[in-house]
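Working notes for the structure below.
The values are calculated or read from the model by the stated rules, or taken from the named source; none is laboratory data. From a predicted model like this one, the values you see are computed outputs, not experimental measurements. Methodologically, a virtual Cβ is constructed for each residue, glycine included, from the backbone with ideal geometry; neighbour enumeration extends over all protein chains shown. The protein model used for the area step is the full one, side chains on, heavy atoms only, and it has no ligands, DNA or RNA in it. Shrake-Rupley method; radii C 1.70, N 1.55, O 1.52, S 1.80 Å.
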Protein chains: 4
Amino acid sequence: MTAKTTKFVQGNEACVEGALYAGLDFFAGYPITPSTEIMELLARRLPANGGKFIQMEDEIASMCAVIGASLTGRKVLTATSGPGFSLKQEALGFAVMAEIPCVIVNVQRGGPSTGNPTHVAQGDVNQARWGTHGDHAIVALTASNHQDVFAMTVEAFNIAETYRTPVILLLDEVVGHMRERLTVPEAGAIPLVERLRTSVRKGVDYHPYLPRDDGRLPMSDFGGVHRYNVTGLFHDMWGFPSDNPGVVHGLIRHLMDKIENNAHRLAHYKTYHLQDAETVLISYGSAARSALHVTENLRARGERIGLMELQTLWPFPAEQVARECGHAKQVVVVEMNTGHMCQMVRAALGPPARVFLANRMDGVLITPTDIKAHLRLIAGRGV
Amino acid sequence: MTAKTTKFVQGNEACVEGALYAGLDFFAGYPITPSTEIMELLARRLPANGGKFIQMEDEIASMCAVIGASLTGRKVLTATSGPGFSLKQEALGFAVMAEIPCVIVNVQRGGPSTGNPTHVAQGDVNQARWGTHGDHAIVALTASNHQDVFAMTVEAFNIAETYRTPVILLLDEVVGHMRERLTVPEAGAIPLVERLRTSVRKGVDYHPYLPRDDGRLPMSDFGGVHRYNVTGLFHDMWGFPSDNPGVVHGLIRHLMDKIENNAHRLAHYKTYHLQDAETVLISYGSAARSALHVTENLRARGERIGLMELQTLWPFPAEQVARECGHAKQVVVVEMNTGHMCQMVRAALGPPARVFLANRMDGVLITPTDIKAHLRLIAGRGV
Amino acid sequence: MTAKTTKFVQGNEACVEGALYAGLDFFAGYPITPSTEIMELLARRLPANGGKFIQMEDEIASMCAVIGASLTGRKVLTATSGPGFSLKQEALGFAVMAEIPCVIVNVQRGGPSTGNPTHVAQGDVNQARWGTHGDHAIVALTASNHQDVFAMTVEAFNIAETYRTPVILLLDEVVGHMRERLTVPEAGAIPLVERLRTSVRKGVDYHPYLPRDDGRLPMSDFGGVHRYNVTGLFHDMWGFPSDNPGVVHGLIRHLMDKIENNAHRLAHYKTYHLQDAETVLISYGSAARSALHVTENLRARGERIGLMELQTLWPFPAEQVARECGHAKQVVVVEMNTGHMCQMVRAALGPPARVFLANRMDGVLITPTDIKAHLRLIAGRGV
Amino acid sequence: MTAKTTKFVQGNEACVEGALYAGLDFFAGYPITPSTEIMELLARRLPANGGKFIQMEDEIASMCAVIGASLTGRKVLTATSGPGFSLKQEALGFAVMAEIPCVIVNVQRGGPSTGNPTHVAQGDVNQARWGTHGDHAIVALTASNHQDVFAMTVEAFNIAETYRTPVILLLDEVVGHMRERLTVPEAGAIPLVERLRTSVRKGVDYHPYLPRDDGRLPMSDFGGVHRYNVTGLFHDMWGFPSDNPGVVHGLIRHLMDKIENNAHRLAHYKTYHLQDAETVLISYGSAARSALHVTENLRARGERIGLMELQTLWPFPAEQVARECGHAKQVVVVEMNTGHMCQMVRAALGPPARVFLANRMDGVLITPTDIKAHLRLIAGRGV
């Protein structure tokens, strides 16, 4: 897979291509629509590339399997949709606490519960942030087209390895199932972040939770030359449990800060016509396709409208949103939920910003026509 | 248990007393500290009162058991702490979707993951709101003292039955384990809401999801005279699955609106010295004990300080907060997390309100001294 | 028909009852849905009451017939829907110019053109104002329920006689076809304005267009004791044509001022909960039924919402709207068109008023749910 | 008629020249002053050019005839004045609904009703917008001199064909009857838009109301190779009637959007000395001749005054007005009616713009002296 190739694929396949490009070598999962194609494709592709594929007995086991495999030095992935994502929350919290690099794809469908299978939604955005118990930080990326699905999948692995963190790839059913062109770049075209392994030699004390000066925590393949403790409890630099308030507070801040203090590095987004935009749309995932269509369409008519397409949802790029939208007369967040990002945008912009939600949440992709109708309503002009 | 009695109990026992008073007749659970005493006490008390107690094989099974029992007409309870609460999220979403009355106690400890067992935290507040996938609404109550734990437990059952919804009782380790006096009122002193059963007779078509004029959905004990469908999928008034966009949107709005449109009815809180307060503390749970201490202490010194103690966390009582705090020069939210309620208060008050967070999250109860130090810092007077 | 009676009727029948109560004695029309029941009922009722009923060959002839009959001293009515209303515009302008008292009912259906027969719309509001050529003023009333249809029909006749003007009764399909209770008051309960006839005797010069001190123009039954000229041309006090600029300007101002200077007397509207309303809905016709439902519903939840229901559309009650809504944070005009009244409200309120349009125009009655969805969108909270 | 020629003509003749240049090949009409010369001239010129001329029995028949002829593939025109324009409103709505290209000239005289024949007025501006029932959009152009009458007539045909819409040419008696020089350009100097005919072949399903990607609807000459339905009812892409709410809303929005979304393309106007103007006059038609005179006159004196002459009245060029007049200290709308465009300008500019109306409506052309008197009054300097 070293030469640049162009394919006509589903978004789920673009995700698979990205994962393989990034060096994926272990996948565990349990099928659930609309993410199943990721699993199906990897069942064939991953072994053929020398990786390991395993279908587990359930969603929880899948999450636990990737955590274990990651600890042994593998780049790991699991894929699911909402119900499976809920089941994985407890183990996901373990990965946060034990700082295990892993990538979890949630191809969103309508919820709550079994919900609206194989119909699009973006209702798990806040769950990606708050689904597991206890204060923590998380990284969640998304994409609106297959080239970006590919790029964000590679980036998800890079971030997971850089920050020793689970990274959630929040796709949605439309992006997952839609087919469009994908160009897989030649090997090396996108830099890959490899596991930072400790330089501590065998027999020398290895501190799995002692950060280097740059904040990164070198790892040692579990089961390899070093013996060390890994726990979901608050722990010290050796990985041993501690309820010492200073240790507890230090670790919780470390878990938060390693993500939030790097929000500017993690903030991926695209802008369209923002320079003089009086109305700014903010959108992401498949909704951003419609938002982009509206933007180009109204621009052609001379309207001062622009689009900020978020690719990083968490940590929420508050500063970037404030910078890009500060001059807008109104900001309209286009998403397919009750306003998860809208709430964050509103908080980021503060007054006198006028922030509106243009949403749809009935399992149908929000269309340019929907967005235009919302814009009309917001402008006081009715449907 | 008809006469008024006074006891010296743990908060967990106050919760048990409240549940029994409310008419609990089924409990399923799996032990986890700091909630275990609820289970232990009910193992003895519930069968003695004619109810059923069952220890399940895990947290998920416990949640499923209470859902099933509720459908058959029982008032049901389960109790857990953070890790168990994460595991229950998927089934909790089913209860939301299928509109199953049930009460889930989460006696919070430090997280994420295994975290800081048997040390206090309030880090699961946002998870209570967003832990399960898909857009939905939820009710979450809390309390800072045993009399209120009792009252809020009764209220949790009343709300669950009134709105056919899971209700989360978000206690914390300090409240759960602390001992203080509890007066259990005589039977009848607190009105109880009983299951609204359908008046539709056997052999007549029963619509399990057809609301009455007042919005309530009469239930029929599952396994009884009516056969009907219950599903986690979006569904119509017969309970049969539907992906019709109108049905999906209608149900998601119903699930949201039945809670959020009744926010004023669900909003429980206490106020102390708010009438002329220039500084308003907002707090809840065990943190509110310290906040109340500070308030009374500084009032005695003539400072214009007041306290709004929240007992309903979700739906967030935005209007009530705005009304009670609108006149304050500054609002200080006292909680033991990264600012879950603080974010909501900030959004509710809007500018020019100055909203500060006075928090602690190292497993130690935030003290009056901590809060006073925060107040000095906020005032520019250093610690 | 002297005793008070209660009936269960369609809105079209309420209109008929009102017309008969007001003293209708001539009807000419051509059937068009959804107004046809007015004609059908009058075919039987009017002759039975001593009046004349005639079905004409078309809409234009019907308008001309009522104009002629009115000149002879009759209280006249015609009824139609949009396409017929368009056809009547030229003759309607004659009635404006020649100052002929008459009442024209337009039971609105969807337009333009043949449009959407027997489905509701409110798309003819601006046409009622501007449908005939040349500057002029007009009176247009509407109603949302059958008691008000009755009352506004009586008022239409009273206004027509008082001001010698056509009065348009702009009903809509839902109001016209819906059945609800109507109480017809006993004779005399509502004061009736009778034709002001000249006291000038036979043989004495009668000036048909010479106003009295109070601005009213006494009439003489055409074909009776006085001979005089009636024309659609600009004319002097004798009714003779004139292109003298002073006469032209004087007449155009007279035609405008007799209506617009009495806007406060002509302004009929109802208010609900406006005293402390932060959100004011403005609506009319069947849309106001939904708006009222929303108002009462949200009030019950504690929201500061109110409703101003317009019964007079033209002359637009700008001062009344400004007075009643001046304190509102936002005004939402609920109507089933592209915003005919919304535009007037916006102009009446001026900045910093925030005026929004909550509309629907697909032939389906705007529902409380629609309005609530609009309110959510306007508030930035999405659907 | 291929060489450039210069003539000394009435405005009505300039209109005829424009229509012939644009490729007119069918005219139907009924004579009414002050538009009659258009008909008289075409009775001779059109047959000589290979076109068809027909005098119909009345105004309604004329409008219907041009609609029918247009459907068979002809470029069509009718001409009238106010009373005839009122009579045509019903059929005009059919042309709007069925999307029939046609041009209707209204050479305005004083109204309402028979009004003030052969005296100037601009009182039909709002009727052009709202004269037919039901929500719709319309294009209305005007001109103040013969060269522009010619150009706007050609443009009217181009717009009618491009957007499949009736286009109203709102001239007035002064422009229609005044004589001045007209240069008819050589053939080809002004690009013409020809009927877009479908490329669908005989025997293949033709969808008369299915837009291409660019929004245009290819036509098939009625009576030719395709059979299809044309109706004034709301209809689907085959032209068959539908009361499906989605179809109704979709069509009404299509009818609105094809015009209003192209407002910037349709916006024709001229500017004079606007760059530093503190006082901006806005005018159109013959009134603009006086406004231009005042502008040049006061400029010569050093006053910072400018003129925006509107040629497109509907869709009202709100953005263009806002852009051109945004810097003005005061805007004075010069027109011969009660302020039809003034109301639109006021809405377009919003505060703190100070918008004044300088009008006259007695059948006499507003003069430079009239306008200057208005300007003094506005400045507080008396007449």
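Surface composition of the protein assembly as shown: carbon and sulfur atoms hold 52% of the protein heavy-atom accessible area at a 1.4 Å probe. Figure note: B:271, A:36, A:80, C:369 ranked by solvent-accessible area, largest first, 1.4 Å probe, ligands and nucleic acids not counted: C:369, B:271, A:36, A:80. Quick check: net charge around residue A:145, other residues with Cβ under 11 Å of its Cβ, Lys/Arg +1 and Asp/Glu -1? Net of charged neighbours comes to 0. Mean separation of Cα pairs under 8 Å and 6 or more residues apart, divided by the residue count, gives chain A a relative contact order of 16 percent. Taking every DSSP beta bridge that has both ends in the protein assembly as shown, the antiparallel portion is near 30%. Mean-square fluctuations from a GNM of chain A, with a 10 angstrom spring cutoff on Cα atoms, peak among A:225, A:105, A:294 at A:225. Across the options D:333, D:308, D:85, the greatest Cα extent toward the positive end of the charge dipole of chain D (unit charges at beta carbon of Lys, Arg, Asp, Glu) belongs to D:308.
The heavy atoms of residue A:268 offer some 50 square angstrom of accessible surface to a 1.4 angstrom probe.
Residues of segment D:72-99 whose accessible area (probe 1.4 Å, heavy atoms of protein chains only) drops by at least 50 Å² once all protein chains are present, relative to their chain alone: D:86, D:87, D:90. Axis of helix C:146-163 versus longest Cα principal axis of chain C: the two differ by about 40°, to the nearest ten degrees. Helix B:285-300 and the longest principal axis of the C-alpha atoms of chain B enclose an angle of approximately 30°.
With both labels modelled 7 Å from their Cα along Cα-to-Cβ, the residue D:293 to residue D:240 distance reads 6.1 nm. Ordering B:69, B:198, B:188 by Cα displacement along the dipole of chain B toward the positive end leaves B:188 in first place; charges were set at the Cβ atoms of Lys, Arg (+1) and Asp, Glu (-1). Kindly express, to the nearest 10 degrees and within the range 0 to 90, the angle between helix A:89-98's C-alpha long axis and the longest C-alpha principal axis of chain A. Tilt relative to chain A: about 60 degrees.
Taken about its Cα centre, chain B carries a charge dipole of roughly 620 debye when the Cβ of each Lys and Arg holds +1 and the Cβ of each Asp and Glu holds -1. Build a GNM of chain C with springs between Cα atoms under 10 Å apart, and of C:241, C:218, C:101 the one that fluctuates most is C:241.
Peptide B:227-234 shows a mean partner chain C-beta count of 3 within 10 Å per residue C-beta. The contact residues of segment A:129-157, meaning those that lose at least 10 Å² of 1.4 Å-probe accessible area when all protein chains sit together rather than their chain alone, are A:130, A:131, A:133, A:134, A:135.
At what distance in angstrom do the alpha carbon centres of segment A:205-284 and segment A:99-132 lie from each other? Segment A:205-284 and segment A:99-132 have Cα centres separated by 21 Å. Charge dipole (Cα centre; +1 on Lys/Arg Cβ, -1 on Asp/Glu Cβ; no other charges) of the protein assembly as shown amounts to roughly 1260 debye. At a probe radius of 1.4 angstrom, the accessible area of chain B per residue rounds to 35 square angstrom. Entry note, chain B: the mean residue ellipticity at 222 nm calculated from DSSP H runs of n ≥ 4, each adding -39500 (n - 2.57), is -12000 deg cm²/dmol after division by the residues and rounding to the nearest 500. Rolling a 1.4 Å probe across all protein chains gives residue D:338 an accessible area of roughly 40 Å². Listed by chain and number, the lysines whose C-alpha is less than 23 Å from the C-alpha of residue A:329, apart from same-chain residues fewer than 8 away, are A:270, A:372, C:329. The dipole here belongs to segment A:5-184: it is taken about the Cα centre, uses +1 on the Cβ of Lys and Arg and -1 on the Cβ of Asp and Glu, and is about 320 debye. In the Gaussian network model of chain C, springs joining C-alpha atoms below 10 Å, which of C:163, C:228, C:30 carries the largest mean-square fluctuation? Of C:163, C:228, C:30, the most mobile in the Gaussian network model is C:228. Leaving ligands and nucleic acids aside, the B/A contact buries around 4300 square angstrom of accessible area in total at a 1.4 Å probe radius. For the residue pairs B:4/B:258; C:88/C:258; C:52/C:202, the C-alpha atoms sit more than 29 angstrom apart in B:4/B:258.
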